[in-house]
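I have placed the structure first, in the form of structure tokens, so that the comments after it can refer back to it.
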Amino acid sequence: MNIQLHQKKVFFASDFHLGAPNETSSTIREKKIIRWLNSIEDEAAAIFLVGDIFDFWFEYDKVIPKGFIRFMGKIADLRDKNIPIVFFTGNHDLWMKDYFTKELGIPVYHHPIEMEIENKKFLIGHGDGLGPGDETYKILKKLFTNPFCKWLFKWLHPDLGMRIAHKWSSNSRLANNNKNEHEFKGNDEWLWEYCKEMDKRQHFDYYIFGHRHLPLELEVGKSSTYINLGEWVNQNTFGVFDGEKVTLKTFDK
């Protein structure tokens, strides 16, 4: 993808968790996200949605999850205006396939990607399973992304499959809250440590990740910065690249 700013900006957001924790609060959040997208569309050279956009997503051959119609309509509108949008899968929506690519021309990435924008080098991804620690999740991710396991799940009726998936997703959120996920963990910030190790092998100006649910802007090297985008369940934070620098901002309208 070749992104030309032309005095515009690139926007990054992650962890909308649409669908959680219930329909009422998710709909309120969805409407706020639409207001944010409306507010940036005139100055957006591209929009990167960096994982866990949905609290659960599974694409059957002929079925996608019910709901999120306002959000889907808005991203279709943005694509009709030729604004590039890029999706990344997260740990909650890792079973996205090619629906958005075929319907809207939105690429979907399952791993971090390297990009150069206005002579700045970026490494962009959701961030789940990277860096040291979190061994239990890394094992689970291998299980969930195994082609045979996905094939088995596909044969469950969607009503049953969605019920099981939302139950697992709810338990995962409760576990995260018990870990005080919104507290800065210093040298135990696994994604920060991952960025430091990456920077020893290859330089990037910016490492852009989600997953952590904590907005962070941390120095990686003399000229490298790790940005965590935070989340939209409570914080409504996003990143903006103006051609020179990535800045974290909060949407409060």
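The values are calculated or read from the model by the stated rules, or taken from the named source; none is laboratory data. All figures in this text were calculated on a predicted structure; none of them were measured in a lab. Cβ sites come from the backbone with ideal geometry, for glycine too, and all protein chains shown count toward neighbours.
For the stretch 103-132, give me the residue count where each residue is part of a loop (DSSP other than H, G, I, E, B) and under 22 Å from N2 (Cβ atoms).
Of the residues in that region, 8 qualify.
What residue, of R201, R212, is modelled with pLDDT under 95 and in contact with a strand residue (DSSP E or B) (Cβ under 6 Å, 6 or more places away or on another chain)?
Numbers: R201 fails: in contact with a strand residue (DSSP E or B) (Cβ under 6 Å, 6 or more places away or on another chain).
Selected residue: R212, the only one of R201, R212 that is modelled with pLDDT under 95 and in contact with a strand residue (DSSP E or B) (Cβ under 6 Å, 6 or more places away or on another chain).
Being in a loop (DSSP other than H, G, I, E, B) and not hydrophobic (A, V, I, L, M, F, W, C) narrows it down to one of G67, G73, so name that one. I'd like the intermediate steps shown before the answer.
Details: G73 fails: in a loop (DSSP other than H, G, I, E, B).
Every option except G67 fails the conditions.
When residues of the stretch 212-236 are filtered for being closer than 10 Å to D15 by Cα and in contact with a Leu (Cβ under 7 Å, 6 or more places away or on another chain), how many remain?
Number satisfying all stated conditions: 2.
From the list D93, D128, D98, D52, which residue is surrounded by fewer than 19 Cβ atoms within 10 Å (Cβ to Cβ) and among the acidic types (D, E)?
Numbers: D93 fails: surrounded by fewer than 19 Cβ atoms within 10 Å (Cβ to Cβ); D128 fails: surrounded by fewer than 19 Cβ atoms within 10 Å (Cβ to Cβ); D52 fails: surrounded by fewer than 19 Cβ atoms within 10 Å (Cβ to Cβ).
The conditions single out D98.
Provide a single number: the residues in the stretch 44-76 that are in contact with a Gly (Cβ under 8 Å, 6 or more places away or on another chain) and of a type in the set (V, I, T).
Number satisfying all stated conditions: 2.
Any chance the stretch 34-50 includes a residue that's over 15 Å from I83 (Cα atoms) and in contact with a strand residue (DSSP E or B) (Cβ under 6 Å, 6 or more places away or on another chain)?
Looking for residues that are over 15 Å from I83 (Cα atoms) and in contact with a strand residue (DSSP E or B) (Cβ under 6 Å, 6 or more places away or on another chain), one finds at least one in the stretch 34-50, hence yes.
Please indicate, with yes or no, whether at least one residue in the stretch 60-67 is in contact with an Asp or Glu (Cβ under 6 Å, 6 or more places away or on another chain) and acidic (D, E).
The answer is no, given that none of the residues of the stretch 60-67 is in contact with an Asp or Glu (Cβ under 6 Å, 6 or more places away or on another chain) and acidic (D, E).
Going by the conditions given, is F100 more than 24 Å from Q7 (Cβ to Cβ) and part of a strand (DSSP E or B)?
No.
Can you tell me which residue within the stretch 38-64, out of those that are part of a loop (DSSP other than H, G, I, E, B) and in contact (Cβ under 8 Å) with a residue 60 or more places away in the chain, is nearest to T27 (Cα to Cα)?
Looking only at the stretch 38-64, we keep the residues that are part of a loop (DSSP other than H, G, I, E, B), and these are 51-53, 55-57, 59-64.
Still in the running and in contact (Cβ under 8 Å) with a residue 60 or more places away in the chain: 51-52, 55-56, 60-61, 63.
Details: G51: 19, D52: 16, D55: 13, F56: 15, Y60: 24, D61: 26, V63: 21 Å.
The residue in question is D55.
Do we find a residue being surrounded by fewer than 18 Cβ atoms within 10 Å (Cβ to Cβ), at positive phi, touching a residue at least 40 places away in the same chain (Cβ under 8 Å) and in a loop (DSSP other than H, G, I, E, B) anywhere in the stretch 242-251? Give the steps one after another, and end with the answer.
Of all residues in the stretch 242-251, those surrounded by fewer than 18 Cβ atoms within 10 Å (Cβ to Cβ) come to 242-245, 247-251.
When the remaining residues are screened for being at positive phi, the result is 243.
Restricting the remaining residues to those that are touching a residue at least 40 places away in the same chain (Cβ under 8 Å) gives 243.
From what's left, in a loop (DSSP other than H, G, I, E, B): 243.
Yes.
Within the stretch 1-37, can you find the residues that are at pLDDT below 95, surrounded by fewer than 17 Cβ atoms within 10 Å (Cβ to Cβ), in contact with a helix residue (DSSP H, G or I) (Cβ under 9 Å, 6 or more places away or on another chain) and within 19 Å of H92 (Cβ to Cβ)?
P21
Take the residues in the stretch 181-211 that are touching a His at 6+ places or on another chain (Cβ under 8 Å) and of a type outside the set (G, A, S); name whichever of them is farthest from D15 (Cα to Cα).
My answer is L191.
Return yes when T145 is surrounded by 12 or more Cβ atoms within 10 Å (Cβ to Cβ), at pLDDT 75 or above and on the phi < 0 side of the Ramachandran plot and no when it is not.
no
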